[in-house]
Amino acid sequence: MEFDELYQEVILDHTRRPRNFGELPGASTHVHGDNPMCGDEITVHLKLGDSGLVEDVSFTGSGCSICMASASLMTLKVKNKPAADSVRLTNKFTSLLTDPAAPLDPANLSELGDLQALLGVRKFPLRVKCATLPWHALKQGLEHPGAPSDLTVDPTPQA
Ligand code: ZN
C-alpha cells in the first residue's frame, strides 16, 4: 500500500539520519530512558527557557529503528514550542499508540504530521514501548526540569 510505503520511508529516513542526535551544550535537563524488552537506551537532553519554552532538545543513545525514528521526529515536533504544548502532544501521541481503539480522526492526524508514520505500531504492544520511550523521557524532563533522572518502562508485554 502506498501509505505504508510512505510511512516506511519516513521511519527509514529518521533511522538513517536521526535529527538532533548528539550531546546538547548548555542542556539543563537529562532524562535517561531504558526499554529492557528491546534494548533501547536513550537519553533526552533539554534546554528550557525561562518562559516555559523548549529552546533546544537532542537525544543520545541507541535503539531499534522505531525508537530512533520516534526520538528524531519528537525533537522536530517540540523544539521551540512551549513545554505545555509538548506535554499535551506527548499525552495525545502516547494514548493514540497505547489504545488501539482511540479514534484516528483528521484533527488528531493533522496535529501529528510525520508522527503518523509510527501509528502502525499500535498493533504491536512490544513495539509501542519502543515508540513511546523517548516521549516518556521528554515528559519526565518537562515536568521535573533540572533533576537528572532515569526511567525504565514496564518490561511486561501488555501496554
Ligand atoms: Zn525498540
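The values are calculated or read from the model by the stated rules, or taken from the named source; none is laboratory data. Every value quoted in this text rests on a predicted model; they were computed, and no experiment measured them. Counting neighbours? That spans all protein chains shown, and the Cβs are built from the backbone with ideal geometry, glycine included.
Values for this structure:
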| quantity | calculated |
| --- | --- |
| Odd one out for residue 37 among (1) within 14 Å of residue 131 (Cα to Cα); (2) surrounded by 13 or more Cβ atoms within 10 Å (Cβ to Cβ); (3) modelled with pLDDT of 95 or more | (3) |
| Condition broken by residue 62, with the remaining ones in (1) surrounded by 15 or more Cβ atoms within 10 Å (Cβ to Cβ); (2) within 16 Å of the ligand (Cβ to nearest atom) satisfied | (1) |
| The range 96-111, residues that are more than 12 Å from the chain's Cα centre (by Cα) and either surrounded by 23 or more Cβ atoms within 10 Å (Cβ to Cβ) or within 30 Å of residue 50 (Cβ to Cβ) (or both) | 111 |
| Index of the failed condition, residue 103 passing every other in (1) modelled with pLDDT of 90 or more; (2) farther than 29 Å from residue 27 by Cβ; (3) of a type outside the set (Asp, Glu) | (1) |
| So residue 15, is it outside any strand (DSSP E or B), among the hydroxyl-bearing types (Ser, Thr, Tyr) and more than 16 Å from the ligand (Cβ to nearest atom) | no |
| Yes/no for residue 39 being more than 13 Å from the chain's Cα centre (by Cα), touching a residue at least 12 places away in the same chain (Cβ under 8 Å) and within 16 Å of the ligand (Cβ to nearest atom) | yes |
| Filtered residues of the range 22-36 (kept if assigned to a strand (DSSP E or B) and within 16 Å of the ligand (Cβ to nearest atom)) | 32, 33, 34, 35 |
| Pairs, first touching a residue at least 24 places away in the same chain (Cβ under 8 Å) in the range 48-70, second among the small types (Gly, Ala, Ser) and within 10 Å of the ligand (Cβ to nearest atom), C-beta under 6 Å, six or more apart | 66/131; 70/131 |
| Qualifying residue in the range 72-85 (condition: free of Cβ contacts under 8 Å to residues at least 24 places away in the same chain and either in contact with a helix residue (DSSP H, G or I) (Cβ under 9 Å, 6 or more places away or on another chain) or surrounded by fewer than 20 Cβ atoms within 10 Å (Cβ to Cβ) (or both)) | yes |
